[in-house]
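Working notes, beginning with the structure itself.
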Amino acid sequence: AADAADARAMDTAALIADPGARLVVILRGLPGSGKSTAARKLFGGGRASPVICSADDYFIDAAGRYVFEPAKIGDAHKACLAKFDAALRAGAPYVVVDNTNTQWWEYGKYVEAATAAGYPHRIVEIECKDKATARMFNARNTHGVPMEATLRMWKRFDTDRTAIVVAPWRPRDGDAPPRILRDGSSAPLATSEDDNIVSYSGVFLDEPSRKRLLERVPAIHPTVKAEHMTIKFAPTLADLRRLPVGAAVTLRVVGARASDRVQAVAVEAADPATTLDLGVDGGGLSTNNCP
């Protein structure tokens, strides 16, 4: 089985290097597992950029923000499949399906469409061996997927013996300094910007702090976040190395605002020294949003 997987991986690399070849790649993996990173690395040496088809794109608004609406998930997947079909009809050389694809019924339609259009396909799966790895993925996912949802996906994840299984990106031992994860654990940073997959830096609330916040500012919408204050999106390694990673800080609530979709509080660092350490005076902390 390992030899067959190695052969599929080598064949996939050959197809990507061949300027006359066509290929469909179907990614499988939990939120935060690094599917998009795997796709970038897979096609890094290719002669053409792939067409990326992802249901998540449906929830990107005009300002480039991700605004998930559970009631529209069916529409999102229809739009994803429509983009995929259009790419095949246009003869795009490389087409990538970037969804979680935890079970066959979710991605079988893409396999069937690729086969009907005469495209070879490869299924690339980001390995998740245990619950600890699932928790690590959840900690670094950028779309606010709840831990419970990630664990449900992990439990129902089908085995696909035709898949090329890729080990998840993990920081190398000895790399320093550490970066903080949402659950309070830490892992070393990447050593180059190419490998830096930290989506954002922030101050994260522990459970007692979150409880106090929600007692004082009750949630008015059904989906409750109340977990962190973002310091910077897509921080560079230099940004991350300046942070006092793992340090406990105190935030003071100085205001609150709400709309028909979002409720948030404004916060500031209670200790002036913290302001200097974090490089920010304060920010907003979203308590909840309406699906």
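The values are calculated or read from the model by the stated rules, or taken from the named source; none is laboratory data. On a predicted model such as this, the values are computed, not experimentally measured, just so you know. All Cβ positions, glycine included, derive from the backbone under ideal geometry; neighbour counts span all protein chains shown. For accessibility, only protein heavy atoms count, side chains too; no ligands or nucleic acids. Shrake-Rupley method; radii C 1.70, N 1.55, O 1.52, S 1.80 Å.
When the accessible area of region 68-170 is split by element with a 1.4 Å probe, what percent falls to carbon and sulfur?
Numbers: 2900 of 5210 Å².
Here carbon and sulfur together make up 56 percent of the probe-accessible area.
Taking 7 Å steps out from each Cα toward its Cβ at Val245 and Asp206 produces label points 2.0 nm apart. Ligands, DNA and RNA aside, His121 has an accessible area near 60 Å² when probed at 1.4 Å.
Within 10 Å, count the other beta carbons around each residue, average over each peptide in 23-29, 67-73, 91-97, and list them highest first.
On the way: 23-29: 25.6, 67-73: 12.4, 91-97: 22.1.
The peptides rank, most packed first, as 23-29, 91-97, 67-73.
Using only the heavy atoms of the protein chains and a 1.4 Å probe, how would Asp56, Asp239 rank by accessible area, largest first?
On the way: Asp56 55, Asp239 25 Å².
The ordering from most to least exposed comes out as Asp56, Asp239.
Considering only alpha-carbon pairs that sit under 8 angstrom and 6 or more positions apart, the relative contact order computed for region 41-171 is 24 percent. Using θ = phi - 60° in the Karplus curve 6.51 cos²θ - 1.76 cosθ + 1.60, the 3J(HN,Hα) couplings for region 63-80 round to 8, x, 9, 8, 10, 7, 10, x, 5, 9, 4, x, 5, 4, 6, 5, 5, 4 Hz; x is entered for Gly and Pro. Residues in region 105-160 average 50 Å² of solvent-accessible surface per residue, probe 1.4 Å, ligands and nucleic acids excluded. Packing-based ranking of 145-157, 245-257 yields 145-157, 245-257, ordered from highest to lowest mean Cβ neighbour count within 10 Å. Close amide H contacts of Val51 (hydrogens built in the peptide plane, cut-off under 5 Å, sequence separation of 5 or more or a different chain): Tyr94, Val95, Val96. In whole Hz and in residue order, list the ³J(HN,Hα) couplings for region 148-155 that follow from phi through the Karplus curve 6.51 cos²θ - 1.76 cosθ + 1.60, θ = phi - 60°; x for Gly and Pro. Each residue's phi maps through the Karplus curve to give 4, 5, 4, 5, 5, 5, 4, 5 Hz. Couplings for region 127-135, taken from phi via the Karplus curve 6.51 cos²θ - 1.76 cosθ + 1.60 with θ = phi - 60°, read 5, 9, 7, 8, 5, 5, 5, 4, 5 Hz in order; Gly and Pro are left as x.
With all protein chains in place and ligands, DNA and RNA left out, the 1.4 Å accessible area ranks Tyr58, Tyr119, Tyr66 as Tyr58, Tyr66, Tyr119, largest first.
The residues Asp158, Asp57, sorted by heavy-atom accessible surface at 1.4 Å with ligands and nucleic acids left out, run Asp57, Asp158 from largest to smallest.
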